[in-house]
Every structure is written in C-alpha cells, then in structure tokens.
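I have placed the structure first, in the form of structure tokens, so that the comments after it can refer back to it.
The values are calculated or read from the model by the stated rules, or taken from the named source; none is laboratory data. What you see is a predicted model, and the numbers here were worked out from it, not measured in a lab. Cβ: placed from backbone, ideal geometry, glycine included. Neighbour counts: every protein chain shown.
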Amino acid sequence: MSAPALQVIVLTLFPDMFPGPLGFSLAGKGLKDGLWTLEALNIRDFAEGRHANVDDTPYGGGAGMVMRPDVVGRAIDAAFEKLPGATLVHLTPRGAPLTQGLVRTQFAAPDTRLILLCGRFEGIDERINDHYKPLEISLGDFVLYGGEVAAMALLEAVVRQCEGALGNPQTLEEESFSIGENSALLLEYPHYTKPPLWKGLSVPEALLSGHHAKIRQWRREQAEAITRERRPDLIEAHHVKRETK
Ligand SMILES: C[S@@+](CC[C@H](N)C(=O)[O-])C[C@H]1O[C@@H](n2cnc3c(N)ncnc32)[C@H](O)[C@@H]1O
C-alpha cells in the first residue's frame with residue numbers, strides 16, 4: 001500500500017468523538033483504505049496530580065475556565081514526537097476564517113501532516129499561541145462549545161483534496177463556495193491561567209493587578225488591537241453599528 005496522503009493527530013478532551021462523521025462515506029472509505037490516518041489523543045492524559053486538572057480559573061477574573069498551558073503543551077509535544085514536521089493548527093474563533101482558498105493553499109499538498117488542537121471552556125492559555133505559533137483557524141464568526149466540530153469540518157475539506165478521495169476528481173475543479181456576511185464583533189482578548197511563568201513567558205502585568213477597571217481597559221485594548229490587525233472589516237462594521245445605535 002502507498003504512503004498515506006494525509007496523517008492527522010487530533011488533541012481533544014473528547015477523543016471518542018473521532019472519527020465521527022469522518023468515518024462515513026468517502027472520508028470513511030479513505031480512512032479504511034489507508035488514504036489518510038487519524039489518531040485522537042486525550043489532552044487529559046497529559047495532566048498531573050490526583051485530579052488530573054486540565055483547566056484553571058482565568059487570571060484577572062471572569063467567567064469560565066482556561067485550559068492550562070503546561071498540560072496542553074505536553075500533549076502538543078507528544079503529538080510532534082509521533083508526527084515530526086507536522087503543521088500545528090489551533091481551532092479558535094480568533095483564527096483566520098476557514099475558506100476553500102486556505103484549504104487549497106495550506107493543506108492540499110501530498111504527504112500533509114496535521115496536529116489539530118481543540119479547545120474547550122473559555123479556550124486555551126494564550127502562551128500556547130506565543131510558544132508554538134500554530135496556524136489559528138476559525139470555522140466562522142460564531143462560538144462552538146469546543147474545537148472538535150471545527151476540526152472535523154477542516155479535515156473533511158482537506159481529505160476531499162487528497163488524490164483518490166473523490167469519486168470524480170473533476171468535482172474539485174467545478175465546485176464553488178460562498179462567503180457569508182460578517183457580523184459586527186470584536187475578537188476576544190488573550191487568556192492566561194496558572195502557572196504564572198511558563199517556558200519563560202509571563203502573564204501581562206495588568207491581569208495580575210487585581211484592578212478591575214485596568215483589567216477591563218487592557219482587555220478592551222487587546223481585543224481592539226487584535227481585531228484591527230486580523231479583521232479590519234469587523235472593526236469597521238463594529239463602528240458603523242455603534243454609530244447607528
Ligand atoms: C466556548 S469556546 C471559547 C470561546 C472564547 N471564549 C471566545 O469567546 O472566543 C471553546 C473552544 O471551542 C472552539 N471553538 C469555538 N468556536 C469556534 C469556531 N468558530 N471555530 C473554531 N473553533 C471554535 C475553540 O477551540 C475554543 O477554545
């Protein structure tokens with residue numbers, strides 16, 4: 001049998017979700033035939049201590065829990081040991097929108113290796129992005145419970161690009177895709193949780209201050225800066241919406 005066109009490791013708190021829909025139809029046939037491979041690793045297996053905690057409360061306060069960088073980092077390192085040279089993808093609403101153009105340019109090469117990181121809760125400590133510099137990809141301008149469905153959507157789009165994965169390869173040339181309207185949103189500010197120092201990366205001073213107005217201002221500035229940098233269209237829409245209120 002020839003080498004698989006695509007090798008994938010998914011990092012998730014719910015490995016039993018996989019292959020899920022990808023086990024059916026042409027994607028499922030490709031998986032069974034070895035056209036592509038899929039392994040789901042449980043992030044919880046990389047937690048330590050009696051309670052195996054994968055998350056903790058956010059520095060600076062606020063609702064929800066944040067996934068710890070030490071636990072997620074160990075899971076990523078283990079995945080890279082299994083799949084050296086892989087592209088790390090973090091599924092997050094703050095990422096570049098998933099488009100067919102992105103699928104074609106980033107993932108359609110033969111012998112593609114992917115590690116897909118799925119967040120839960122409020123998301124993953126920002127230092128994972130700082131340290132590993134993953135490709136951050138969003139399924140769209142909406143919030144899911146977790147990254148798993150987004151990972152499945154990305155994979156389904158990528159598997160379809162593999163040679164031999166479609167009944168009629170001409171389908172790829174002929175199909176179209178549509179771009180939805182953007183809603184007026186700001187992207188979220190970065191999150192941080194324990195430990196306060198990880199791999200030489202510290203938590204921003206403002207979040208440790210305990211000063212609520214300062215934290216609010218820092219988060220607002222970060223959200224605006226990140227949105228301006230990544231999605232100026234959203235900033236414009238946001239201002240228009242505010243002015244017309
Ligand atoms: C409840 S969400 C966190 C949302 C985050 N607090 C925010 O407002 O941006 C938990 C996880 O679901 C995944 N997720 C949610 N919406 C997503 C989307 N549109 N695209 C990709 N992943 C998404 C991410 O992995 C995220 O870490």
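A compact table of results
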read-out: Answer residue from the range 32-53, given it is among the hydrophobic types (A, V, I, L, M, F, W, C) and either within 23 Å of LEU6 (Cβ to Cβ) or in a helix (DSSP H, G or I) (or both) and is farthest from the ligand (Cβ to nearest atom) among those; value: LEU35
read-out: Cross-chain or 6+ apart pairs with Cβ under 6 Å, the range 122-133 first and over 13 Å from GLU188 (Cα atoms), then assigned to a loop (DSSP other than H, G, I, E, B) and more than 11 Å from the ligand (Cβ to nearest atom); value: HIS131/LYS199
read-out: Some residue of the range 53-62 being surrounded by fewer than 20 Cβ atoms within 10 Å (Cβ to Cβ) and over 30 Å from TRP218 (Cβ atoms); value: no
read-out: Spans of helices (runs of 4 or more DSSP H) in the range 54-137 with at least 2 residues among the small types (Gly, Ala, Ser) and out of contact with any Asp or Glu (no Cβ under 8 Å at 6 or more places or on another chain); value: 69-82
read-out: Count - residues of the range 84-95 that are surrounded by fewer than 14 Cβ atoms within 10 Å (Cβ to Cβ) and within 11 Å of the chain's Cα centre (by Cα); value: 0
read-out: Pairs with Cβ under 8 Å, 6+ apart, first in the range 139-151 and at pLDDT 95 or above, second surrounded by fewer than 20 Cβ atoms within 10 Å (Cβ to Cβ) and among the β-branched types (Val, Ile, Thr); value: LEU139/VAL149
read-out: Residue under evaluation VAL66, criteria (1) in contact with a His (Cβ under 6 Å, 6 or more places away or on another chain); (2) farther than 30 Å from GLN217 by Cα, criterion not met; value: (2)
read-out: Filter result for ARG94 (within 16 Å of the ligand (Cβ to nearest atom), among the basic types (Lys, Arg), modelled with pLDDT of 95 or more and within 24 Å of PRO195 (Cα to Cα)); value: yes
read-out: Of the criteria (1) touching a residue at least 40 places away in the same chain (Cβ under 8 Å); (2) closer than 18 Å to PHE14 by Cβ; (3) among the aliphatic types (A, V, I, L, M), which one ALA96 fails; value: (2)
read-out: Qualifying positions in the range 152-167 - free of Cβ contacts under 8 Å to residues at least 60 places away in the same chain and closer than 16 Å to GLY95 by Cβ; value: ALA153, ALA157
read-out: Per-region count, the range 66-83, residues within 17 Å of PHE14 (Cβ to Cβ) and surrounded by fewer than 18 Cβ atoms within 10 Å (Cβ to Cβ); value: 0
read-out: Of all residues in the range 122-148 being surrounded by fewer than 19 Cβ atoms within 10 Å (Cβ to Cβ) and within 8 Å of the ligand (Cβ to nearest atom), the one that is nearest to LEU102 (Cα to Cα); value: GLY140
